[in-house]
Amino acid sequence: MAKAASLACLVLAAAGLGTQAWGLSAAAGKIDITPSAERRGVYLAGFGAKGRRPSGVHDPLYAHLLVLKDGPRVVALASLDLLGFYRNDVEDLRRLSGFNGPDHHLFVAATHNHSGPDTLGFWGPWPGASGVNKRWQRRTRDRVAAALRDLEAHLREVRLTGWHGRLDPQGLCRDNRDPVILDSDLAALEFSDRNGRSVATIVNWSCHAEVLGRDNLLITADFPGFLCGKVERERGGTCLFFNGAIGGLLTPERVLGRDGFAEASRIGTAVAGAALRGLAGASLRQEHPALDFHSRLVPVPIENSRYLLALPALTFGHRLFDSAGRPLAGWQAYWLALRQVLGVLSPEARPWIETEVSVLDMGPARLLGIPGEAFPELVIGGYDGRYRSGHPLVKPENADPPDLAAAPRPPYLKDFIRRPLPMVVGLANDEIGYLVPKYDFKIRDNRLMLPRLPGDHYEETNSIGPAATGIIVHTAEGLLGDHP
Ligand SMILES: [Zn+2]
């Protein structure tokens with residue numbers, strides 16, 4: 001049985017808060033983005049290139065949307081029931097919606113759903129072929145942009161209630177790669193209007209949305225769909241689920257023999273129930289929560305040889321740059337991939353992409369947006385076993401155990417957030433794959449990234465490369481430090 005314990009419950013003095021010139025206003029809603037399963041050219045994302053064509057729809061996929069306004073500053077949040085959303089799509093969505101600076105910002109994250117359409121170009125009919133249905137993707141982007149603009153015209157004044165606690169992951173989520181470190185933080189943030197009606201609830205928890213496995217052919221939003229369904233039924237308003245640091249790899253703990261949908265429902269319902277109980281007892285309330293958004297662009301090199309071989313497919317999600325930051329033309333992706341195939345691409349000639357680290361403040365809550373799947377240990381540490389949740393820190397049978405003596409020392413990313421309600425959001429404003437701690441990034445052959453070493457080293461093969469982790473962690477620390 002999952003247990004939730006309140007960690008942060010403090011009353012913020014009303015004095016001083018009322019002196020702010022602006023009140024926060026909000027509007028929220030969701031749009032159905034389910035592709036028609038019968039439509040040609042829809043392939044399900046995740047679990048290797050198996051050419052999974054959906055056979056039907058179990059439950060709809062949504063874009064859950066929230067627009068917040070504080071004085072001249074407007075920030076939109078979008079949670080998409082998708083596996084990932086590339087930087088180019090984020091930029092397009094910002095441009096189309098008008099949430100494109102200097103006072104309008106968009107924070108968008110995918111739930112990492114493994115039973116939705118391929119949005120990244122990895123899961124087509126055969127390995128190397130994209131499974132993206134471009135028409136559906138364009139239409140979805142246009143509809144989300146229009147919905148965001150519409151929400152901005154329907155803002156009403158809100159106040160905020162927040163809760164941050166722990167949810168015991170036993171029976172809900174497990175870590176299948178050593179060291180076993182589970183981020184058990186659960187955070188919830190509710191915006192309600194002057195009449196006490198809920199406008200939106202944000203829930204932040206960490207686990208891969210892959211309760212339904214590779215054999216499932218029905219489109220579903222997986223456990224986040226059940227989670228948001230319960231929150232919306234019980235509280236009203238719109239629920240936005242944001243996944244956390246899920247690399248390393250945090251995967252649902254299924255009860256053997258049970259139907260996948262029953263399991264997705266069980267896990268989503270348990271997380272939602274804990275978040276709602278936390279909110280019901282929360283004393284963290286603000287009448288005039290301040291709103292702020294900062295982001296920083298980060299260049300990272302593409303070191304993974306598999307990504308280099310697939311460069312032409314990858315470039316629809318990112319623009320390429322050379323190591324000096326000069327943009328590369330589209331045809332150069334083919335040239336670079338060919339040189340990689342021939343084994344003559346030198347490390348200096350590898351291309352770079354630009355990604356983004358972001359910080360979003362909503363009163364006592366601070367969201368740190370990481371553009372991929374960070375290992376939880378980068379966020380919370382736990383190399384001493386404090387977050388192993390009853391499992392051995394390192395499996396005795398592990399043929400290639402991590403060298404914990406070489407693991408990074410504190411402070412870790414969450415230590416830099418310094419807010420009563422810290423949230424780390426993965427797959428935020430981009431998806432660049434796993435962010436593996438450098439000490440544990442192990443591959444035998446850097447050119448092929450294969451074969452995997454014995455033990456659990458799947459994540460390296462789905463990472464942009466070992467350098468990206470340090471660059472992104474360093475940038476996040478700098479961004480948090482510059483905006484204390
Ligand atoms: Zn993943």
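For the reader, a short list of remarks on this structure follows.
- Across segment 283-294, coupling constants 3J(HN,Hα) worked out from phi with the 6.51/-1.76/1.60 Karplus curve, θ = phi - 60°, read 10, 8, 10, 9, 6, 10, x, 7, 10, 7, 9, 9 Hz, and Gly and Pro carry x.
- Amide N proximity, segment 286-312 versus residue 335 label position 7 Å along Cα-to-Cβ, cut-off under 16 Å: 311-312
- Value of relative contact order over segment 302-361, rounded to a whole percent, pairs C-alpha under 8 Å and six or more apart: 42 percent
- Label-point separation, residue 474 to residue 323 (7 Å along Cα→Cβ), nm: 1.5 nm
- Estimated 222 nm signal from helices in the chain, with DSSP H stretches of n ≥ 4 weighted -39500 (n - 2.57), rounded to 500: -7000 deg cm²/dmol
- Likely footprinting exposure, 319, 386, fewest C-beta neighbours within 10 Å first: 386, 319
- Local net charge near residue 179, Cβ-Cβ under 9 Å (Lys/Arg +1, Asp/Glu -1): -2
- Close Lys-Lys pairs in segment 4-291, where close means Cα under 25 Å and separation is 8 or more or interchain: 4
- Nearby lysines by direct alpha-carbon distance to residue 442 (threshold 20 angstrom, same-chain neighbours under 8 apart not counted): 395
- Contact order normalised by residue count of the chain, Cα under 8 Å, 6+ apart, percent: 18 percent
- Neighbour-count ranking [beta-carbon atoms within 10 angstrom, fewest first] of 261, 241: 261, 241
- Taking segment 4-291 and dividing mean pair separation by its residue count, relative contact order in percent (alpha carbons under 8 Å, at least six apart): 26 percent
- Note on the chain: Cα-only Rg and Dmax are 21.3, 68 Å.
- Which of 43, 62, 439 has the fewest Cβ neighbours within 10 Å, and the rest in rising order: 439, 43, 62
- In this structure the amide hydrogen of residue 105, modeled in the peptide plane, comes within under 5 Å of the amide hydrogens of 74, 75, 76, none closer than 5 places in sequence on its chain.
- For residue 173, the residues whose modelled amide H falls within less than 5 Å of its own, excluding neighbours fewer than 5 places apart on the same chain, are 253.
- Tensor-based shape of segment 4-291 (alpha-carbon gyration tensor, a/c under 1.5 rounded, otherwise prolate or oblate): oblate
- Computed about the Cα centre, the dipole magnitude for the chain is approximately 740 debye when only Lys and Arg (+1) and Asp and Glu (-1) carry charge, each at its Cβ.
- Using a Förster distance of 22 Å, the FRET efficiency for residue 294-residue 418 (Cβ separation, nearest 0.05): 0.90
- Across segment 421-427, rounded Karplus estimates of 3J(HN,Hα) from the backbone phi angles (6.51 cos²θ - 1.76 cosθ + 1.60, θ = phi - 60°) give 10, x, 9, 10, 10, x, 6 Hz, Gly and Pro being marked x.
- Hits among aspartates and glutamates - C-alpha to C-alpha of residue 414 under 14 Å, sequence gap 8 or more where chains match: 183, 185, 377, 477
- Karplus (6.51, -1.76, 1.60) ³J(HN,Hα), θ = phi - 60°, over segment 231-243, in Hz, Gly and Pro reported as x: 4, 5, 5, 7, 10, x, x, 10, 9, 10, 9, 10, 6
None of the figures in this text is laboratory data; all of them are computed from the coordinates on show. Predicted model only: the values in this text are computed from it and were never measured. Reconstructed Cβ throughout: ideal geometry from the backbone, glycine too, with neighbour counts over all protein chains shown.
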